[in-house]
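Take a look at the structure set out below.
The values are calculated or read from the model by the stated rules, or taken from the named source; none is laboratory data. Quick caveat, the model's predicted, so the values are computed rather than measured. Neighbour counts are summed over all protein chains in view; Cβ atoms, including those assigned to glycine, are modelled from backbone coordinates with ideal geometry.
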2 protein chains.
Amino acid sequence: MSSSLDIVLDPASVAIIGASENPDKIGGRPVDYLRRFGFRGRVLPINPNRAEIQGLPSFPSLEALPFAPDVAIIAVPGEAAVAAVEGCADVGVKVAIMMASGFGETEGGKAQEREMAARARARNLRLVGPNSQGLANFATGAVLSFSSMYLEAPPQDGPVAILSQSGAMSVVPYGVLRGRGIGVRHSHATGNDCDVTAAELASIVAADPDLRVMLLYLESIASTEHLAAAARIAHARDLPILALKPGRSAAGQAAARSHTGALANEDRVVDAFLRRHGIRRVADTAEMVDAVELYLKGWKPRGRRLVVISNSGATCVMAADAATVAGLPMARLADETQAGLRAVLPSFAATANPIDITAALLSNSRLFSQILPIIARDPAADAFLIGVPVAGAAYDVPAFARDAAEFAAETGKPVVIAAPQASVAGAFAAAGLPVFAYETQAVAALAGFINHAELATRLPPEAPPPAALLGEGRPLNEADSLKRLSEAGVPVMPHRLCRTEDEAAAAWEGFGGAVAVKGCSADVTHKSELGLVRLGLADPQAVRAAFRDCRRALLEAGLRFDGVLVAPMRRGRRELLLGAHRDPVFGPVVVVGDGGKYVEALPDTVLLLPPFNAADVLTALERLRIAPVLRGVRGEQAMELDALAAAAVAVGRLMLEAPSIISVDVNPLLLGDVGEGVVALDAVVIEAEPPETAP
Amino acid sequence: MSSSLDIVLDPASVAIIGASENPDKIGGRPVDYLRRFGFRGRVLPINPNRAEIQGLPSFPSLEALPFAPDVAIIAVPGEAAVAAVEGCADVGVKVAIMMASGFGETEGGKAQEREMAARARARNLRLVGPNSQGLANFATGAVLSFSSMYLEAPPQDGPVAILSQSGAMSVVPYGVLRGRGIGVRHSHATGNDCDVTAAELASIVAADPDLRVMLLYLESIASTEHLAAAARIAHARDLPILALKPGRSAAGQAAARSHTGALANEDRVVDAFLRRHGIRRVADTAEMVDAVELYLKGWKPRGRRLVVISNSGATCVMAADAATVAGLPMARLADETQAGLRAVLPSFAATANPIDITAALLSNSRLFSQILPIIARDPAADAFLIGVPVAGAAYDVPAFARDAAEFAAETGKPVVIAAPQASVAGAFAAAGLPVFAYETQAVAALAGFINHAELATRLPPEAPPPAALLGEGRPLNEADSLKRLSEAGVPVMPHRLCRTEDEAAAAWEGFGGAVAVKGCSADVTHKSELGLVRLGLADPQAVRAAFRDCRRALLEAGLRFDGVLVAPMRRGRRELLLGAHRDPVFGPVVVVGDGGKYVEALPDTVLLLPPFNAADVLTALERLRIAPVLRGVRGEQAMELDALAAAAVAVGRLMLEAPSIISVDVNPLLLGDVGEGVVALDAVVIEAEPPETAP
């Protein structure tokens, strides 16, 4: 599949259809770039009106070329572009990059784009775009792009790859990183992704052994295959991937539709998918570009405990707040360390972490170099923030920066700098340390980096097979639903499906004590709305009456009567929900969370994409709002989270193993104390209709 | 009170105790600054060892001066500094600024600092510090500071005031703003605030008619008086105040204690206080400094509807997401506007808001100037984001910037720019528009500005009188608590306090139907733990038995028996909580929120500081997680929020009018449908013990 796409990163020849003499035009810019940035293959301008383009011989048409170029850039608009795709297929071009806009991102152009993609696939032409700003590989000089950014910020090969549907988002990170002196090898903008997607290109680029970090901007994820493949390759190589996936809001999704024709993804499922694949999802461009430097240092964080060092108490206070927000506990320094610091610092300095050198640094610039070795020896520290909000001519800032860089090298632990003053920031950056303006930014970047390292320890799973379209399906009745779940390993309440009053009364007798009686019908998924749930029935007359009522209610409503379920009343600690459905892109999704009446209005759930294990569930449950209650508060016992995790794993396995199941909804799942387990009190399983067979 | 403090901003004479020949020393820097920055008063170095300091005649002591200086800077450390305070009082200095550290921010120095402050007050000397970096007023040249920042970033008088306890946080915003070409008049660092506080100084500075924005950094708020005064003065003058108040977390509070000796404030009460006083609380330095430019434009936002314009679809998508997060709805443009845009832009451009000019701007730089007038006419737009993520030599960026500035001037509405490229950002900044690197930052800054304008419309209240220390107090029993609340205007359940079994049975008779019986004792605030709550009793025998049980349980536990409460069982829609307490700094605080068992583990409450009205409560309730449920979801009726608001207002009034009440805890407050009102089902009022009087 990707064998023919590889070549777009290092083609032997590139034709430019619609090549222009003017290097500022879309058809002129790539010609200029290919010559300017060291491309060693053939550059073949195509323009019927000129014999020469930017000093190169020009050809009147693709057909007039002496051989089939590996890659063709289609820099003509509209119908001419569509015709050029056909022309590329005719002569045997391997990859075409189509820059024209006005296709899938407009209502009128969607069908034409789909058709064009299908024809290209049928003819073995890989198609990048339409609406693509082009691709750029600065290792090979294959700069097949009309972006003007590579003039604004001259390229330098380096360890960063940027893959984006958007043209702007391929070059904004490029420009910012280049401005910070960081080299960028790949900067690709794939546009509407009608055939080649940014994710597919990422799966090829991820194999580049010189890369240290990969940045993705994805407006939609149409399939998981390539992204999962990229994640697995990256994991094997220890290559971190950061993804910016906008369209989180309805307003953003509408905008993405008119930008790259993006279909809306279910945002929380995107979160779960990226997390499961070790891909860090960043909130915005700032988080993305500000993260890069930390990845380039080669640090392997071993823990989360932060030490803050500053010449300003305010930095200490604000950094401690920020660390709390970011979930980085302040390291508790050893008594020995604190004693060492007290011996050096003035008596009014703070020597417990955060360490406030105070304005005494103004009188004694050596304080900084004296305390760092003391702190470096403390094993409680996992990462460091050094904040120098104010310094100037009266301080030896270059020495601070050198000392900090030596300290970082000696400890091998992550060190970030907060320095709002340009002169101070410049000195620390020159010493090779990641510099941020403010404490909050530095701490957030550090926390993101540490979180990602924790996320990336697990091997991403193989992509599940693409979800089949299963249609609406039909609900199983409660008894069948519970049976299906029980077989799958989910504990369900003891119950009897009773077809007659006598059976119901006998069931009451058998259970002893109060029971619940529920009308059972495959036609009804919301029983209480029809009055089909009777609770706490304590004598046979009440049970018989309930049987009759349920039967009557169903039959009068013209609904199927499958009997009544009789079950003992159960008490637990909390009603949860456990469900699953199939996302059209991401496949099975399991949902676990707080139950009750307002699960939609006040959602408190976590999503997991199977396959996952019990430890994954327990980690995910920590993100619930009700997590403290599940662990036990007010002297209460902890609830049976292992049993809850096992039930969630069972539902995940069921979704993988039973492809006919469309959805599962266990609500409530009653959670008890440790030792009491969980039990499904009610459930609806929806299954695909079996395919019709010939009689 | 402040009359003598005023003079510190424009003194006729300044003595520097511990003046140094070396301008890089703490005692040398102010001497240098006073001469360098145009101070027109007398500068009086005091140093027993030199006849001349930095070219000025030096005096051996304060006493040797020919007259009492208005202000003295105490630049000597430790005990010498303490002695200097006395010396200042002896000669009649009006304000002393004490730079020495090692007082209230250390365990050993707290008592000494308190004593020093008390003595200064007794002797009519106003004392700034200790641990103060000093004050700087660039309008008068009274730069009484040892900060080196004013050398790094040369001053220019302007419309910004910065008041901070921390030295760093007085000059970091200064440095950043000066770097952006913004003038700063005041930059004051008050240190430990043992006498003069940053807030008191703010209340004086706020009267400066040339100011357009005031920035505060407060590590603790020891009293509300001056901050409330500053807020009222600022409100009258339409001067926005932004406050950074760290110590939100336990780690931050611990750090603040060793920095400026800050006492921890209850963070949510700080939030409520600042909000009520129209002061915008910023999360960090970045938010503070990035906000300033918007305030300097003189914009008065009239609404929240945002229009996004960009040459990049990705900016459009990310800005729409950011607007959703920030609570700025995307404006719905008039059909006429969209038609006008369609006539100008290419067919594939997005003309619904966000407006994506697309890469077509590369071929036609005039598109930008053509669309702005069309958008300017649309009344649906309240504010604008213009995003130019990529542009360069091929674009006419200076023209874009001029067009955008004209557009802003024409509409009079807020316009923010997102431009990560330095060259583009520079052009827009030169045209006088507020520029941010990324969409998210620009949208967040705009939303903060608009939110603040909404917040600042109401007149801040007078500061309530300082809270008296009321001690532990004693709880009233339930009957007395309910009586107190009922008299205050809070609806309470109908009930009878019964002293005998017969009275209880008669009460049951009187109410009809099932009742609740609760043991009543001023010794018990948690009845259910003692088994004193019996619900749903439907016959007189059960009521009598419950009476006996409650009586026995109390007497056996050695607790007072005040009778039992009999009350009809009530059903409502949701159990809320309504409470109040007295904060030692901020006075009465009313808490409203969701009720139930886990109000501590899963808090969902809002705080209000009396006096407030029903509209304030309704606005605050919108911030509750359960707000959608209160408004009605799943086809349910809305709940009776007006009655809830009235009950909260009644409790707020009670706390103001009955200073002996220490706390109120109504839990549950039963909330019904609209028309059904609220009713307190249980309550504990704690009242101060009446003062002992002679027999």
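In the set B:236, B:199, B:230, only one residue is part of a helix (DSSP H, G or I) and in contact with a His (Cβ under 7 Å, 6 or more places away or on another chain); that residue is B:199. Taken over the range B:538-580, the criterion of being of a type in the set (Asp, Glu) and in a strand (DSSP E or B) is satisfied by B:575 alone. You will find that of A:151, A:135, A:177, A:144, the residue that is more than 23 Å from the chain's Cα centre (by Cα), within 27 Å of residue B:392 (Cβ to Cβ) and either part of a helix (DSSP H, G or I) or free of Cβ contacts under 8 Å to residues at least 12 places away in the same chain (or both) is A:151 and no other.
Considering the range A:419-443, the residues that are facing chain B (nearest Cβ under 7 Å) and outside any helix (DSSP H, G or I) include one that is surrounded by the fewest Cβ atoms within 10 Å (Cβ to Cβ), namely A:437.
Given the condition buried (at least 24 other Cβ atoms within 10 Å of the Cβ), β-branched (Val, Ile, Thr) and in contact with a Leu (Cβ under 6 Å, 6 or more places away or on another chain), answer yes or no: does some residue in the range A:170-178 qualify? Within the range A:170-178, not a single residue is buried (at least 24 other Cβ atoms within 10 Å of the Cβ), β-branched (Val, Ile, Thr) and in contact with a Leu (Cβ under 6 Å, 6 or more places away or on another chain).
Can you find, within the range B:482-504, the residue that is farthest from the chain's Cα centre (by Cα) among those that are crowded, with 19+ Cβ neighbours inside 10 Å and outside any strand (DSSP E or B)? For the range B:482-504, the residue satisfying everything is B:504. Annotation: of all residues in the range A:305-315 being within 11 Å of chain B (Cβ to nearest Cβ) and outside any loop (DSSP other than H, G, I, E, B), the one that is nearest to residue A:392 (Cα to Cα) is A:310. Could you tell me whether residue A:258 is within 16 Å of the chain's Cα centre (by Cα), modelled with pLDDT under 95 and among the small types (Gly, Ala, Ser)? It is false that residue A:258 is within 16 Å of the chain's Cα centre (by Cα), modelled with pLDDT under 95 and among the small types (Gly, Ala, Ser). Looking only at residues in the range B:388-404 that are at the interface with chain A (Cβ under 7 Å from one of its Cβ atoms) and buried (at least 24 other Cβ atoms within 10 Å of the Cβ), which one is farthest from residue B:446 (Cα to Cα)? The extreme case among them is B:390. Would it be correct to say that residue B:535 is buried (at least 18 other Cβ atoms within 10 Å of the Cβ) and assigned to a strand (DSSP E or B)? No; evaluated as a whole, the condition is false for this residue.
Pairs meeting the criteria (first residue in the range B:249-268 and free of Cβ contacts under 8 Å to residues at least 60 places away in the same chain, second residue part of a helix (DSSP H, G or I) and hydroxyl-bearing (Ser, Thr, Tyr), beta carbons under 8 Å, at least 6 apart or on different chains) are B:249/A:324; B:250/A:324; B:251/A:324; B:252/A:324. Across the range A:117-127, the qualifying residues are those that are within 30 Å of the chain's Cα centre (by Cα) and more than 12 Å from residue A:4 (Cβ to Cβ), and the one among them that is surrounded by the most Cβ atoms within 10 Å (Cβ to Cβ) is A:117. Restricting B:288, B:318 to residues that are in contact with a Ser or Thr (Cβ under 8 Å, 6 or more places away or on another chain), crowded, with 20+ Cβ neighbours inside 10 Å and within 11 Å of chain A (Cβ to nearest Cβ) narrows the list to B:318. Annotation for the range A:204-211: no member residue is among the acidic types (Asp, Glu), more than 14 Å from chain B (Cβ to nearest Cβ) and assigned to a helix (DSSP H, G or I). Please verify whether residue B:385 is of a type outside the set (Val, Ile, Thr), in contact with a helix residue (DSSP H, G or I) (Cβ under 8 Å, 6 or more places away or on another chain) and surrounded by fewer than 21 Cβ atoms within 10 Å (Cβ to Cβ), treating the condition exactly as stated. Here the answer is no, as residue B:385 does not meet what is asked. Scanning the range A:83-112 for residues that are among the aliphatic types (A, V, I, L, M), buried (at least 21 other Cβ atoms within 10 Å of the Cβ) and not in a loop (DSSP other than H, G, I, E, B) returns A:84, A:85, A:95, A:96, A:97, A:98. Of A:275, A:280, A:332, A:268, all but one fail to be more than 25 Å from the chain's Cα centre (by Cα), more than 8 Å from chain B (Cβ to nearest Cβ) and not hydrophobic (A, V, I, L, M, F, W, C); the exception is A:332.
Of all residues in the range B:138-160, those that are away from every other protein chain (no Cβ under 13 Å), farther than 28 Å from residue B:428 by Cβ and surrounded by fewer than 24 Cβ atoms within 10 Å (Cβ to Cβ) total 3.
The rows are residues; the columns are (1) in a loop (DSSP other than H, G, I, E, B); (2) at the interface with chain A (Cβ under 8 Å from one of its Cβ atoms); (3) touching a His at 6+ places or on another chain (Cβ under 8 Å); (4) farther than 25 Å from residue B:587 by Cα.
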site	(1), (2), (3), (4)
B:162	no, no, yes, yes
B:169	no, yes, no, yes
B:181	yes, no, no, yes
B:186	no, no, no, yes
B:192	yes, no, no, no
B:223	yes, no, no, no
B:248	yes, yes, no, no
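Reported count of residues in the range B:225-246, each being within 14 Å of another protein chain (Cβ to nearest Cβ) and among the small types (Gly, Ala, Ser), is 1. The listed residues are B:301, B:346, B:379, and the only one of them that is within 12 Å of chain A (Cβ to nearest Cβ) and not in a helix (DSSP H, G or I) turns out to be B:346. Scanning the range A:182-207 for residues that are free of Cβ contacts under 8 Å to residues at least 60 places away in the same chain and surrounded by fewer than 22 Cβ atoms within 10 Å (Cβ to Cβ) yields a count of 2.
Taking the criterion of being part of a helix (DSSP H, G or I) and surrounded by fewer than 22 Cβ atoms within 10 Å (Cβ to Cβ), the only residue of the range B:273-285 that qualifies is B:275.
Among the residues of the range B:316-359, the ones that are touching a residue at least 24 places away in the same chain (Cβ under 8 Å) and closer than 19 Å to residue B:395 by Cβ come to 8 in all. Restricting the first member to the range A:271-288 and to residues that are within 13 Å of residue A:176 (Cβ to Cβ), and the second to residues that are β-branched (Val, Ile, Thr) and in a helix (DSSP H, G or I), the beta-carbon pairs closer than 7 Å and six or more apart or on different chains are A:284/B:440; A:285/A:172; A:286/B:440.
Of all residues being aliphatic (A, V, I, L, M) and touching a Ser or Thr at 6+ places or on another chain (Cβ under 8 Å) in the range B:96-114, which is farthest from residue B:126 (Cα to Cα)? Just the residue, please. That would be B:99.
Of all positions in the range A:358-371, at least one carries a residue that is of a type in the set (A, V, I, L, M, F, W, C), under 15 Å from residue B:258 (Cα atoms), surrounded by 22 or more Cβ atoms within 10 Å (Cβ to Cβ) and within 12 Å of chain B (Cβ to nearest Cβ). Quickly run through the range A:1-24 and pick out the residues that are touching a residue at least 40 places away in the same chain (Cβ under 8 Å) and closer than 17 Å to residue A:151 by Cα. Within the range A:1-24, just A:24 meets the criteria.
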